[in-house]
Amino acid sequence: MKGDRIAQLELLLRSHPEGLKKSEIARYLGVHRSTAGRYIEELSQTSNVYEDKNSVRIRTKDSDEPFALSVYESLAMNMGAEMLANNSQFQNPHLASGLRKIATGMESYAPEIAKNIVHLADEIESKFQEQENGYRFSKVLDVLIDAWVTGRIVRIRHVEKEKEEETELAPYFIGFVENEDGRNPITVTGRLRHTAEIVTVDISAIRSVLLLDETYTIPDNLKAFGNQSKPDSVTDIIDTIHLVLMIREKSALNSFRRLAHSEFRISDVTDGKFRCEFDAENSIELILRIIQCNDSVEVVEPQKFRKRFISMLRQILSIYGTI
């Protein structure tokens with residue numbers, strides 16, 4: 001909705017104090033540049049939005065109190081940042097930048113703590129320059145944050161069990177999650193596109209990330225994320241079927257994750273479609289999953305199953321009469 005986009009625009013500008021070009025705002029919000037311009041005009045009626053050197057920025061409200069921490073808060077911030085810097089697999093240049101801003105506000109009343117924080121910021125930046133794959137990790141994290149701020153679905157390529165996979169998801173949460181190895185990697189948790197399933201991906205395993213034009217909203221009644229039980233192996237299912245599908249969007253295959261099935265065998269086909277073959281449990285759940293994919297999936301073989309699927313669709317349509 002329009003009101004949601006205005007709120008997203010304000011959060012986007014506050015997250016980028018250096019300013020953004022109108023074309024960048026349009027890309028982040030997934031709208032035309034002229035539409036982004038109208039959103040900017042509307043936001044300027046309630047917030048101090050201005051343009052400087054072709055970049056759109058938002059000023060802090062005059063009524064906002066200046067940023068200040070007590071000595072106790074300053075020391076706690078210093079210790080917290082030091083723990084994060086020493087225990088995180090990858091250093092974040094934004095942390096160094098933020099620490100320097102905090103240190104500037106402390107110089108008058110806590111100069112020693114300010115010096116420590118500046119030294120810590122320098123150390124974080126130095127480690128970031130030296131660490132392998134640090135730049136890629138930082139860029140991936142930036143795009144995921146942009147997706148979360150603007151409510152955009154992302155397509156990621158990541159390594160899962162030594163195999164590269166492509167996944168499309170709506171980011172709900174970015175932060176530390178303890179895994180079975182006792183590590184606390186920075187992860188992204190979100191809903192898989194085309195499903196209601198919630199997954200968590202280690203950001204260090206992500207090789208690339210792309211913002212898509214499709215938007216999403218985080219549900220107000222979101223429950224704590226729980227682990228869902230894994231499906232049985234397809235070899236344990238007595239009644240199976242060998243399916244051949246034409247796929248318009250690979251993310252539609254997420255719908256079959258909670259079904260017992262063999263590995264997907266995908267080959268390229270013209271006109272942007274993919275041919276996918278796999279063995280799956282022959283159940284009503286399989287049919288429901290195919291329906292869930294809407295027009296992103298077409299059953300090609302076996303013909304008997306295709307005819308059964310079409311017959312079921314016709315029975316469903318007959319309830320609603322002529323459309």
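The values are calculated or read from the model by the stated rules, or taken from the named source; none is laboratory data. All of these numbers come straight from a predicted model, not from anything done at the bench. Ideal geometry is used to build each Cβ from the backbone, glycine not excepted, and the neighbour counts take in all protein chains shown. Protein only, heavy atoms only, side chains kept; ligands, DNA and RNA dropped before computing areas. Shrake-Rupley method; radii C 1.70, N 1.55, O 1.52, S 1.80 Å.
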(request) Scale the Cα Rg of the chain by the rule-of-thumb value 2.2 N^0.38 Å and send over the ratio, two decimals. (result) 1.25
(request) Taking all protein chains together and a probe of 1.4 Å, list T240, T46 from the most accessible to the least accessible. (result) T46, T240
(request) Quick one: work out Rg over Rh on the C-alpha atoms of the stretch 17-128, Rh as Kirkwood radius. (result) 1.10
(request) Identify, among T189, A205, V49, the residue whose Cα sits farthest towards the positive end of the charge dipole of the chain, taking +1 on the Cβ of Lys and Arg and -1 on the Cβ of Asp and Glu, with the dipole about the Cα centre. (result) V49
(request) Write down the accessible area per residue of the chain in Å², having rolled a 1.4 Å probe over the full set of protein chains. (result) 60
(message) Check which residues have an amide H placed less than 5 Å from S208's amide H, if you skip close sequence neighbours.
(response) R157
(request) Place a +1 charge on the Cβ of each Lys and Arg in the chain and a -1 charge on the Cβ of each Asp and Glu, then give the dipole magnitude about the Cα centre in debye, rounded to the nearest 20. (result) 1200
(message) Tell me the accessible surface of E164 in square angstrom (1.4 angstrom probe, heavy atoms of protein chains only), to the nearest ten.
(response) 110
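Show E168, E263, E123 ordered by accessible area, largest first, where the area counts protein heavy atoms only and the probe is 1.4 Å.
Working: E168 5, E263 115, E123 70 Å².
The ranking, largest first, comes out as E263, E123, E168.
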(request) Taking H placed 1.01 Å from N in the peptide plane, check which residues at least 5 places from H261 or on another chain put their amide H under 5 Å from its amide H. (result) V234
(request) Show S34, S47 ordered by accessible area, largest first, where the area counts protein heavy atoms only and the probe is 1.4 Å. (result) S34, S47
(message) Output wanted: per-residue J couplings in Hz (rounded whole) for the stretch 206-216, from phi through Karplus 6.51 cos²θ - 1.76 cosθ + 1.60, θ = phi - 60°, x for Gly and Pro.
(response) 7, 8, 7, 9, 10, 6, 9, 7, 6, 9, 8
(message) Using Cα springs under 10 Å in a Gaussian network model of the chain, which residue among Y28, Y135, Y50 shows the largest mean-square fluctuation?
(response) Y50
(message) Quick check: the distance between the Cα centres of the stretch 5-21 and the stretch 96-133, to the nearest angstrom?
(response) 25
(request) Evaluate the Debye formula for the stretch 112-214 with equal point scatterers sitting on the alpha carbons, no solvent, and hand back log10 of I(q)/I(0) at q = 0.17, 0.21, 0.24 Å⁻¹, in q order, two decimals. (result) -0.83, -1.11, -1.32
(request) Assign unit charges at the C-beta atoms only (+1 for Lys and Arg, -1 for Asp and Glu), then state the dipole size of the stretch 24-114 relative to its Cα centre in Debye, rounded to the nearest 20. (result) 440
(request) Report, in degrees rounded to the nearest 10, the 0 to 90 angle that the Cα long axis of helix 111-130 makes with the longest principal axis of the chain. (result) 40
(message) Can you tell me the length gained on complete extension of the stretch N133 to A196, counting 0.36 nm per residue apart and subtracting the Cα distance?
(response) 19.5 nm
